[in-house]
Number of protein chains: 2
Amino acid sequence: MTPARQVVRRILAGRAGQAQTGAAAYAPANIALVKYWGKRNEELNLPVTGSLSISLGPLGSHVELARAPEPADAIWLNGRRLAADSSFAQRAGAYLDLFRPEADFHFELKARNTVPTAAGFASSASGFASLAKALDGLFGWNLSLRELSILARLGSGSATRSLADGFVEWHAGTAADGMDSFAERLETDWPALRVGAVVLCAEEKPVGSRAGMKRSVETCEFYRAWPGRVAQDLADLKAAIARKDFPMLGTVAEGNALAMHALMAATRPPIVYALPETVAAMRTVWAARENGLPLWFTMDAGPNVKLLFEAKDETGVREFFPGVEVVAPFG
Amino acid sequence: MTPARQVVRRILAGRAGQAQTGAAAYAPANIALVKYWGKRNEELNLPVTGSLSISLGPLGSHVELARAPEPADAIWLNGRRLAADSSFAQRAGAYLDLFRPEADFHFELKARNTVPTAAGFASSASGFASLAKALDGLFGWNLSLRELSILARLGSGSATRSLADGFVEWHAGTAADGMDSFAERLETDWPALRVGAVVLCAEEKPVGSRAGMKRSVETCEFYRAWPGRVAQDLADLKAAIARKDFPMLGTVAEGNALAMHALMAATRPPIVYALPETVAAMRTVWAARENGLPLWFTMDAGPNVKLLFEAKDETGVREFFPGVEVVAPFG
């Protein structure tokens with residue numbers, strides 16, 4: 001039995017419920033303020049460090065799950081049935097393999113993203129998180145957030161953080177089987193917080209996160225210092241959230257994103273996601289800030305920039321970024 | 001006595017010659033292929049790591065030095081007499097203080113740069129190296145390259161590498177007084193090597209190298225891993241030079257430059273020299289390389305990009321960078 005199946009078996013021990021007719025679930029996308037870059041276990045998506053994200057409320061993935069009437073999985077994305085050999089269907093099918101009660105149990109999965117993937121938000125986090133919730137609903141397991149986050153992690157690392165709204169911390173854990181590598185919601189709500197998506201490029205990135213972080217762990221000398229950096233940034237970010245100190249939150253998030261991109265650039269061969277437009281957007285943020293606007297940015301493993309600001313400054317932000325798509329993570 | 005004066009006294013012990021009427025000297029600028037970023041001693045400009053550069057032949061600084069007829073230093077730069085309170089005159093005067101035979105000995109210094117500072121080549125390296133040579137000529141000390149490189153270092157770290165043509169290695173050394181932190185010329189000549197300057201921005205940089213590297217040493221977690229990175233890159237670069245393996249030279253130089261800029265970006269607060277045009281130029285280099293052109297780049301602590309290629313590819317390089325200024329380091 002593979003390590004991932006063992007994890008599933010452990011979590012579902014004594015819970016083998018009956019498959020309901022069907023189940024629906026939703027999970028939000030999330031954007032990390034302290035980033036996840038590098039795994040200690042590839043199969044279980046166990047991270048080297050903890051990370052902390054903000055969930056994106058209405059931007060996420062809806063999933064409907066049922067037992068398929070046919071002798072094969074039927075995978076739908078945004079209203080279209082996918083070919084069995086499409087990469088999405090393959091990845092979803094491999095994940096569903098972990099949960100089939102019998103070998104001939106097949107799923108009908110209908111996923112619909114409200115997260116605009118063209119805006120540079122990843123949909124795999126919300127996708128696997130909503131799928132874990134839908135499985136829980138379909139089989140009536142009634143799992144905890146902690147357990148669901150572990151199951152979601154088996155699909156995609158960042159999905160671990162997409163089971164709850166608000167600020168979510170993913171604990172790295174140390175156990176070989178990853179049972180202590182799960183997510184927790186922070187208590188603080190911050191209704192004024194805003195995330196803005198600045199879309200610079202909707203093309204697929206040349207190096208995927210999975211391959212990129214593996215290369216960093218294996219070849220980047222700076223990687224040894226990354227866990228220490230993350231530990232400091234996590235402590236600072238949690239203090240900023242507890243105090244609702246927005247400049248501190250922005251400073252930590254922006255610095256941590258730049259440090260992650262620095263890790264990538266110092267990898268062999270180098271991984272550079274920035275486009276000329278990325279640097280232009282960064283510099284616009286800095287110019288706005290010098291101008292007195294409390295505006296910071298973060299960036300994931302791609303060229304797009306996400307703005308961080310408070311509701312009171314939305315008008316000011318739109319002067320610098322007229323096309324920004326604004327999300328209110330706390331509704 | 002300050003540590004710098006002690007170093008000067010030690011080197012000049014038993015050599016106190018007579019001032020000649022005047023002396024002239026020239027030193028080339030240099031561009032590091034494995035970078036110098038971070039000091040272990042601020043006053044003596046002692047580096048944390050070694051570095052390795054290529055001297056830029058005809059691009060450099062000419063200096064004429066004589067005893068001044070007036071009771072004050074007279075400092076000229078590119079044909080114009082500088083005000084005593086200009087930053088150049090102040091820095092030159094402070095350096096000359098180390099060498100005055102008597103308190104009322106004043107210098108007439110005429111510096112002329114053939115290195116186009118607007119092309120993003122630093123002139124402080126060639127400036128202090130030529131000044132050290134001119135002092136040697138004026139006082140008739142007859143110092144070795146090694147001794148001259150130590151004296152030049154007291155003016156500017158990178159000046160250590162500007163005393164010789166060709167490939168020059170600056171040994172970091174470990175001694176507190178820096179007597180083992182000097183430069184040596186590598187034996188290999190590589191006449192086909194070319195350096196191209198792509199000028200993107202001639203403005204002064206927002207954070208100077210001196211302040212920037214200090215901040216990195218003090219605040220950047222990744223800095224602890226920088227010496228290991230440099231040691232590996234130095235070994236690889238010397239192997240590439242010995243074998244005249246140009247793709248290897250290019251790969252090491254480009255990767256090391258990106259790693260230095262990564263260090264800067266992970267500094268608190270972050271130091272980012274790149275402009276949108278910098279990323280555009282980097283991506284043009286990568287596109288050219290994917291197109292089969294053996295072209296790499298390096299970048300110093302600024303936004304400008306320097307191209308590395310071989311003579312046979314100059315026409316090809318000019319197709320991608322029509323405005324490039326090409327230097328033949330080996331004449």
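Considering only segment A:1-45, how many residues are under 21 Å from the mean Cα position of the chain (by Cα) and not in a strand (DSSP E or B)?
Step one: of segment A:1-45, the residues under 21 Å from the mean Cα position of the chain (by Cα) are A:4, A:7-8, A:24-45.
Narrowing the set further to residues that are not in a strand (DSSP E or B) leaves A:4, A:7-8, A:35-38, A:42-45.
Within segment A:1-45, residues that are under 21 Å from the mean Cα position of the chain (by Cα) and not in a strand (DSSP E or B) number 11.
Of (1) closer than 18 Å to B:ASP180 by Cα; (2) free of Cβ contacts under 8 Å to residues at least 60 places away in the same chain; (3) of a type in the set (S, T, N, Q), B:THR21 satisfies all except one. Which?
Going through (1) closer than 18 Å to B:ASP180 by Cα; (2) free of Cβ contacts under 8 Å to residues at least 60 places away in the same chain; (3) of a type in the set (S, T, N, Q) one by one, B:THR21 breaks only (1).
Which one of the conditions (1) in contact (Cβ under 8 Å) with a residue 60 or more places away in the chain; (2) within 26 Å of B:SER216 (Cβ to Cβ) does A:VAL317 fail to meet, given that it meets all the rest?
Condition (2) is where A:VAL317 drops out.
Which of the residues that make up segment A:286-307 are part of a loop (DSSP other than H, G, I, E, B) and of a type in the set (A, V, I, L, M)? Working first, answer last.
Step one: of segment A:286-307, the residues part of a loop (DSSP other than H, G, I, E, B) are A:291-295, A:300-304.
Answer for segment A:286-307, where residues must be part of a loop (DSSP other than H, G, I, E, B) and of a type in the set (A, V, I, L, M): A:LEU293, A:LEU295, A:ALA301.
Between A:ALA274, A:ALA281, A:ALA328, which is in contact with a Lys or Arg (Cβ under 8 Å, 6 or more places away or on another chain) and either within 17 Å of A:PHE121 (Cα to Cα) or among the small types (Gly, Ala, Ser) (or both)? Break it down into steps so the answer makes sense when it comes.
Details: A:ALA274 fails: in contact with a Lys or Arg (Cβ under 8 Å, 6 or more places away or on another chain); A:ALA281 fails: in contact with a Lys or Arg (Cβ under 8 Å, 6 or more places away or on another chain).
Every option except A:ALA328 fails the conditions.
Determine which member of the set A:SER144, A:SER162 is modelled with pLDDT of 95 or more, surrounded by fewer than 23 Cβ atoms within 10 Å (Cβ to Cβ) and of a type in the set (S, T, N, Q). Walk me through how you get there before you give the answer.
On the way: A:SER162 fails: surrounded by fewer than 23 Cβ atoms within 10 Å (Cβ to Cβ).
Testing whether each residue is modelled with pLDDT of 95 or more, surrounded by fewer than 23 Cβ atoms within 10 Å (Cβ to Cβ) and of a type in the set (S, T, N, Q) leaves just A:SER144.
Going through B:ALA89, B:ALA83 one at a time, which residue ends up being among the small types (Gly, Ala, Ser) and closer than 26 Å to B:PRO58 by Cα?
Numbers: B:ALA83 fails: closer than 26 Å to B:PRO58 by Cα.
Matching residue, one of B:ALA89, B:ALA83: B:ALA89.
Regarding segment A:187-197, can at least one residue be identified that is farther than 25 Å from A:VAL327 by Cα and either out of contact with any Asp or Glu (no Cβ under 6 Å at 6 or more places or on another chain) or buried (at least 16 other Cβ atoms within 10 Å of the Cβ) (or both)? Walk me through it before giving the result.
Pass one, segment A:187-197, residues farther than 25 Å from A:VAL327 by Cα: none.
Checking segment A:187-197: not a single residue is farther than 25 Å from A:VAL327 by Cα and either out of contact with any Asp or Glu (no Cβ under 6 Å at 6 or more places or on another chain) or buried (at least 16 other Cβ atoms within 10 Å of the Cβ) (or both).
Restricting attention to segment B:108-141, report how many residues are among the aromatic types (Phe, Trp, Tyr) and buried (at least 23 other Cβ atoms within 10 Å of the Cβ).
Step one: of segment B:108-141, the residues among the aromatic types (Phe, Trp, Tyr) are B:121, B:128, B:139, B:141.
Going one step further and asking which of them are buried (at least 23 other Cβ atoms within 10 Å of the Cβ), we end up with B:121, B:128.
Selection size over segment B:108-141: 2.
Residues of segment B:227-243 being touching a Gly at 6+ places or on another chain (Cβ under 8 Å) and of a type outside the set (A, V, I, L, M, F, W, C), which ones?
If the condition is that a residue be touching a Gly at 6+ places or on another chain (Cβ under 8 Å) and of a type outside the set (A, V, I, L, M, F, W, C), then B:ASP233 is the only one that fits.
The values are calculated or read from the model by the stated rules, or taken from the named source; none is laboratory data. Here the structure is a predicted model, which is why all the values come from computation and not from measurement. For neighbour counting, all protein chains shown are included, and Cβ atoms are generated from backbone atoms with ideal geometry for every residue, glycine included.
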